[in-house]
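Here the structure comes first, spelled out in structure tokens, and everything after it is commentary.
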Amino acid sequence: MEKTSSALWKRLETLYATKFLANRLVLKQHLFKFRMNEGELFRDHISQFITLLNNLKKLRFRLTMKIRLCY
């Protein structure tokens with residue numbers, strides 16, 4: 001029922017922005033707590049991990065990883 005595009009955009013932001021941030025936070029929590037369960041197949045674990053990363057990518061989440069090698 002909005003009459004201008006800016007009013008419509010603001011209305012859409014109020015409806016969906018908080019849901020977007022909440023989804024992003026939940027997915028980030030899943031990523032940080034992601035562990036392989038006892039008896040789980042490795043390919044299933046990797047598949048779940050890739051799905052999680054793809055879902056985060058859809059929400060424009062940027063992941064930077066620092067890998068530390070210990071010798």
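Quick look at the numbers
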| quantity | calculated |
| --- | --- |
| Pair list, Cβ < 7 Å and 6+ apart or interchain, from segment 30-50 residues that are on the phi < 0 side of the Ramachandran plot to residues that are part of a loop (DSSP other than H, G, I, E, B) | HIS45/MET36; PHE49/PHE34 |
| Residue in segment 37-47 that is β-branched (Val, Ile, Thr), modelled with pLDDT of 85 or more and within 25 Å of ARG60 (Cβ to Cβ) present | yes |
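The values are calculated or read from the model by the stated rules, or taken from the named source; none is laboratory data. Quick caveat: nothing in here was measured; it's all calculated off a predicted structure. Heads up, the Cβs are rebuilt from the backbone with ideal geometry, glycines too, and the neighbour counts pull from every protein chain shown.
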